[in-house]
Amino acid sequence: MDVAIVVFTRDLRVHDNPALATAVARARQVVPLFVVDPALAVPPNRARFLADSLKALRAGLRDRGGDLVIRRGDPVAEVITLATRTGAGAVFIAGDVSRYAARRQQRLNRECAAHRIALEVTPGHAVVPPGDLRPAGGGDHYRVFTPYWRAWQAAPWRPPCPAPSAVDVPAGIGPGDLPGTGARSPGQAAALLAGGERAGLDRAHAWLDGPLKEYDDQRDSLAGDQTSRLSAYLRFGCVSPLVLAREALHRPEGAQFCRQLAWRDFFHQVTAAFPGIAAVDYRPGAAGPRQWSAGAGDLDALDAWRAGRTGIPIVDAGLRQLAAEGFMHNRARMITASFLTRTLGIDWRHGYRHFRDLLADGDVASNAGNWQWVAGTGNNPRPGRVLSPLRQAARFDRDGDYVRRYVPELASLAAPGIHAPWRLPEARRRQLRYPPPLIDVNISPRLSHR
């Protein structure tokens with residue numbers, strides 16, 4: 001064919017991009033397109049990461065003689081307008097699983113059919129695409145991770161797609177301005193990582209060649225911070241999850257890291273089957289009768305949780321890391337989520353929205369899936385499980401360095417006292433200017449919110 005359009009969404013890279021590679025192989029000319037949808041609110045941290053990633057993508061395409069066309073408006077309307085103008089015979093787009101993405105794809109399918117334009121949906125967002133694995137006993141998706149992990153390990157993986165050596169864009173198409181290239185916006189984390197394919201690949205190589213070999217021993221160490229920090233690059237597709245998994249799998253501790261990539265794929269296939277995952281309980285009543293707290297005092301507790309002022313240092317450290325970096329260590333995510341839902345009894349949807357608004361890696365499937373897992377309404381086979389913040393602190397921040405890093409008013413305290421400053425003499429507590437705990441965490445969490 002003469003012309004094809006590649007719609008970039010969350011696959012902002014030129015390496016191992018099936019939509020881009022297939023379009024370049026089949027069409028003489030290709031229009032790489034990204035549409036900024038004003039109807040889709042993008043919080044400040046992700047907006048900045050997205051802007052960085054689009055800038056890097058444009059540079060990568062220009063290195064190959066092409067360009068990235070930016071348009072603003074309804075994505076489907078913009079695609080059809082550009083296809084009509086260029087006489088494009090096909091549109092290529094990576095499949096996705098959020099409700100927004102599913103509706104966009106449905107509309108794009110209808111409009112392409114109406115205009116006699118071929119639409120091809122390619123893989124790209126997961127190691128194993130959501131629809132590729134189905135339980136042997138029936139059903140459209142796996143509901144428990146362990147059998148999914150076994151199937152994921154045995155599944156064939158597609159070969160990576162090479163980056164095109166050249167991209168020829170039709171003449172006369174204005175590229176459009178990149179979004180968000182100005183100064184740091186209000187609400188953006190001061191320590192946010194830079195986005196983009198080059199930054200993501202550099203971080204991935206450094207991770208694979210270094211800390212990965214100690215992953216199993218160090219991944220839960222809050223102070224050590226020996227996680228990959230690749231989650232935002234995966235969320236925006238700056239790094240291919242497939243290439244990352246292939247590179248990691250046969251290295252020391254690589255299988256353990258691949259297990260985390262499989263968790264990401266697991267929640268993608270859950271979301272594909274249950275698109276309401278960000279708003280509706282996946283398994284209502286799984287942990288027994290539940291009535292979330294909703295009184296005025298609980299709203300105050302929610303505000304204190306959001307601000308990292310709960311009086312529980314390990315919880316506050318996680319939430320302050322989120323505010324400062326647009327990122328939170330995975331172990332801290334579990335601790336803070338359990339405290340909100342299990343100890344305070346506050347609806348998981350409040351926590352999901354707070355994470356959604358601040359996380360640079362805020363992805364519907366992983367964010368909502370993990371929140372429901374912790375709250376006992378999702379895919380957790382032990383829905384009654386509660387994490388004690390004090391026990392978690394003793395295990396994963398034994399010396400108190402994580403708390404010391406993010407809760408500086410407690411920096412003068414030694415462990416284990418730093419994790420329970422309410423046990424200090426009253427005069428010393430006043431000097432710290434740190435709030436008392438919202439709740440007695442020594443009481444059973446099942447009773448503490450009643």
query: Taking helices (runs of 4 or more DSSP H) that do not extend beyond the stretch 237-348, which have at least 3 residues that are buried (at least 22 other Cβ atoms within 10 Å of the Cβ)?
result: 241-249, 254-273, 313-325, 330-338
- prompt: Just a yes or no: is a residue in the stretch 256-277 farther than 14 Å from V364 by Cβ, basic (K, R) and in contact with a Leu (Cβ under 7 Å, 6 or more places away or on another chain)?
  reply: no
field: Criterion: surrounded by fewer than 17 Cβ atoms within 10 Å (Cβ to Cβ), under 22 Å from L20 (Cβ atoms) and among the hydroxyl-bearing types (S, T, Y) - qualifying residue of S165, S185
entry: S165
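Can you tell which of R150, R134, R107, R158 is part of a helix (DSSP H, G or I), basic (K, R), surrounded by fewer than 19 Cβ atoms within 10 Å (Cβ to Cβ) and not assigned by TED's automatic domain parsing to the domain that holds A27? Reasoning before the result, please.
Numbers: R134 fails: part of a helix (DSSP H, G or I); R107 fails: not assigned by TED's automatic domain parsing to the domain that holds A27; R158 fails: part of a helix (DSSP H, G or I).
Answer to the selection: R150.
Closer than 24 Å to F327 by Cβ and buried (at least 19 other Cβ atoms within 10 Å of the Cβ): is that true of V79 in this structure? Break it down stepwise before answering.
Details: closer than 24 Å to F327 by Cβ: no; buried (at least 19 other Cβ atoms within 10 Å of the Cβ): yes.
Spelling it out, it is not the case that V79 is closer than 24 Å to F327 by Cβ and buried (at least 19 other Cβ atoms within 10 Å of the Cβ).
With R395, R342, R391, R331 as the choices, which residue is at pLDDT below 95, out of contact with any strand residue (DSSP E or B) (no Cβ under 9 Å at 6 or more places or on another chain) and over 27 Å from L40 (Cα atoms)?
Values: R395 fails: at pLDDT below 95; R391 fails: at pLDDT below 95; R331 fails: at pLDDT below 95.
Just a single option satisfies the conditions, and that option is R342.
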query: Does R64 satisfy being assigned to a loop (DSSP other than H, G, I, E, B), over 21 Å from the mean Cα position of the chain (by Cα) and within 20 Å of V239 (Cβ to Cβ)?
result: yes
message: Quick test for you: out of R433, R405, pick the one residue that is closer than 16 Å to L319 by Cα and either in contact (Cβ under 8 Å) with a residue 40 or more places away in the chain or out of contact with any Ser or Thr (no Cβ under 6 Å at 6 or more places or on another chain) (or both).
response: R405
field: Residues of the stretch 15-51 that turn out to be crowded, with 19+ Cβ neighbours inside 10 Å and under 18 Å from A83 (Cα atoms), as a count
entry: 13
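Provide a single number: the residues in the stretch 26-61 that are in a loop (DSSP other than H, G, I, E, B) and out of contact with any strand residue (DSSP E or B) (no Cβ under 6 Å at 6 or more places or on another chain).
Keep residues of the stretch 26-61 that are in a loop (DSSP other than H, G, I, E, B), which gives 27-28, 37-43.
Imposing the further condition that a residue be out of contact with any strand residue (DSSP E or B) (no Cβ under 6 Å at 6 or more places or on another chain) reduces the set to 28, 37-43.
Qualifying residue count, the stretch 26-61: 8.
Against the definition (without any contact (Cβ under 8 Å) to a residue 24 or more places away in the chain, surrounded by fewer than 21 Cβ atoms within 10 Å (Cβ to Cβ) and not small (G, A, S)), how does R10 come out, yes or no?
It is false that R10 is without any contact (Cβ under 8 Å) to a residue 24 or more places away in the chain, surrounded by fewer than 21 Cβ atoms within 10 Å (Cβ to Cβ) and not small (G, A, S).
The values are calculated or read from the model by the stated rules, or taken from the named source; none is laboratory data. Worth saying up front: this structure is predicted, and the values here are computed from it rather than measured. Note that we place each Cβ from the backbone using ideal geometry, even for glycine, and neighbour counts take in every protein chain shown.
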